[in-house]
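Computed from the coordinates by the stated procedures, all read-outs in this text should not be read as laboratory data. Values in this document were obtained by computation on a predicted structure and should not be read as measured data. Ideal geometry is used to build each Cβ from the backbone, glycine not excepted, and the neighbour counts take in all protein chains shown.
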């Protein structure tokens, strides 16, 4: 039975966007949307970049009536401007874990909840919310596949009766992919076709005919190093950077994420002189770090 369900999921994936629409369905659905967004703080180079995928589904759009979604196929291609350095996705940093898996694994799940840019608001992931109900309503069939070091496919399918279809909602967090990055670069993502048979599309409940939602792709963003003196890489040079340096130098604290920006006075060494330089700049009208 399980094999039959998996076969049905794969077959449904292959059907997405490959059939002609019938009355009541549109080839490009003007209200359903896939949003691809980089986590704002990650544009300061830290070795990792989180890219969030949000989905909006509208049941009624103009004269169209679309049921809740029973399958979602999201293939994306990523390119970057520094071929000599890596920009990659790994299964180790992108697990398909749901609750009640151990926290150590959930922290690396693409379905984890995401802390908002303000640092206080928790953005709930749709998959994780379903699993935390402990009622079996989460989608049993889910697949994340990488290809050619430049493409990935995220596919989910409501494969049996308890599975809760993706109902009408606005910009729900569907997944968060974590890229490993070796250096500063510009990265672009766009929808694509994932061979052998997985195009971009949404499949409504009780239907074999899918549609293509609109999307904000292609999305391009650039990674840069923090400013010299921004030791904590939070985008602000303040007392927190002084405290971080003191903890690192004298209290066995964590190493600066970017040693080059911790060398505030530019003498090639991170030491007490950088702490003094930063204090003079912040509180005594001293020269700005360069």
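Data overview
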{"item": "Mean residue ellipticity (222 nm) of the chain, computed from DSSP H runs ≥ 4 via -39,500 (n - 2.57), nearest 500", "result": "-5000 deg cm²/dmol"}
{"item": "Sites residue 86 and residue 287 - FRET efficiency at Förster radius 30 Å, r taken between beta-carbons, to 0.05", "result": "0.20"}
{"item": "Among 40-51, 100-111, the order from most to least packed when residues are scored by Cβ within 10 Å on average", "result": "40-51, 100-111"}
{"item": "Choice from 39, 277, 141 with maximal GNM fluctuation in the chain (Cα, 10 Å cutoff)", "result": "277"}
{"item": "Order of 126, 139, 167 - criterion: other Cβ atoms within 10 Å of each residue's Cβ, fewest first", "result": "167, 126, 139"}
{"item": "Helix axis angle, 2-15 relative to the chain longest principal axis, alpha carbon, degrees", "result": "80"}
{"item": "Centre separation in Å (Cα based) which lies between segment 139-179 and segment 244-279", "result": "43"}
{"item": "Residue 260 paired with residue 160, simple spin-label distance in nm, labels 7 Å along Cα-to-beta-carbon", "result": "5.3"}
{"item": "Segment 239-283 shape via C-alpha gyration tensor axes, a/c threshold 1.5", "result": "oblate"}
{"item": "Normalised contact order of segment 151-290, rounded percent, pairs of Cα under 8 Å and 6 or more residues apart", "result": "16"}
{"item": "Options (1) 202; (2) 156; (3) 129 - which one matches volume of the Cα convex hull per residue in Å³ as calculated here", "result": "(2)"}
{"item": "Relative contact order for the chain, counting Cα pairs under 8 Å that sit 6 or more residues apart, in percent", "result": "26"}
{"item": "Potential extension, residue 62-residue 208 segment - 0.36 nm per residue separation minus Cα distance", "result": "50.4 nm"}
{"item": "Cα long-axis angle, helix 272-283 against the chain (0 to 90 degrees, to the nearest 10)", "result": "80"}
{"item": "Burial ordering of 61, 31, fewest other beta-carbon atoms within 10 Å first", "result": "61, 31"}
{"item": "Using alpha-carbon coordinates, inclination of helix 239-250 to the longest axis of the chain, degrees", "result": "70"}
